[in-house]
Every structure is written in structure tokens, then in C-alpha cells.
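Chemist: Supplied in C-alpha cells, the structure appears directly below.
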Amino acid sequence: MRERQATPREQAVRATSEGVTISVHVQPKACRSECAGLHGHAVKIRIAAPPADGAANDELCRFLARRCDVPLSAVHILSGAGSRQKRVLVKGRSVEQVRAQLHLE
């Protein structure tokens, strides 16, 4: 029997023992910070900060903390700090909550 493949939405937001990991494709220097839906197997997030001196990473963490209604200390970039492709951990939320708060449902 063949195993069902995960959908892009399921691959973009996954449960972990610590919370939820989100695969993110970041578009820096946008007009405003917002979630722009899916980009392949990642959530596309437009960030209104330049990619210099970590400003876009800081704004990404602030944006996700506000959107997911968690403290800033609950959001961590796990990988990709110097890239547009990142993995971000959000502690204290379920997959369903994060998908709903990012309007991916």
C-alpha cells in the first residue's frame, strides 16, 4: 500500500515536541509585513525591513509573534538566518492554530 504524501500546506507547518516549525520563504523590503500564502512547500512572508544587519530576521520574528499571539521569546529561527529560505520554531502553539493565524486554512 502506498503512503499518502503530505500536501504543501502540511509540509510548510509541522508539529514538533517543542511547538511548531514553519518553513518560510521571506521577501524582504516589502511595503508591509504580511503572510502571502504558500510558495512551494513554504509559507511566503513579505517583510517590511531590509535584509541588512539582521533587520529582516528581527521583523520576521516580531511578525510571527504578533500573528501567532505568542511572546517574542517563543519565536526562534532554527536555520537559514542568512537566506530567504528559513525554518522557524514557534513555541506554545499547535499546527492548527498557526495555520489559522497565518490564514492557511
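Chemist: What's the local net charge at residue 49, with K and R +1, D and E -1, over the other residues with C-beta under 12 Å away?
Modeler: Once positives and negatives cancel, what remains is +1.
Chemist: Can you list the trypsin sites (Lys or Arg not before Pro) in the stretch 1-78 that are in a DSSP coil and have 14 or fewer other beta carbons within 10 angstrom?
Modeler: 2, 4, 29, 32
Chemist: Using 0.36 nm per residue of separation minus the Cα-Cα distance, give me the extension gain between residue 18 and residue 5 in nm, one decimal.
Modeler: Length gained, residue 18 through residue 5: 2.3 nm.
Chemist: Next up: How much length is gained if the chain between residue 58 and residue 84 is pulled fully straight, taking 0.36 nm per residue apart and subtracting their Cα-Cα distance, in nm to one decimal?
Modeler: Net length gain for the segment: 8.0 nm.
Chemist: Please list the radius of gyration and Dmax for the chain, considering alpha-carbon atoms only, with Å as the unit.
Modeler: 13.2, 50
Chemist: Return a whole-number percent for the relative contact order of the chain, with Cα pairs under 8 Å and 6 or more residues apart as the contact set.
Modeler: The value is 28 percent.
Chemist: Put +1 on the Cβ of every Lys and Arg and -1 on every Asp and Glu Cβ in the stretch 8-101; which of 37, 79, 95 then has its Cα farthest towards the positive end of the dipole?
Modeler: Positive-end residue among those listed: 37.
Where a number appears in this text, it was derived from the coordinates with a stated rule and is not lab data. Because the structure is predicted, anything quoted here is derived from the model rather than measured. With ideal geometry, Cβ positions are generated from the backbone for all residues, glycine too; neighbour counts draw on all protein chains shown.
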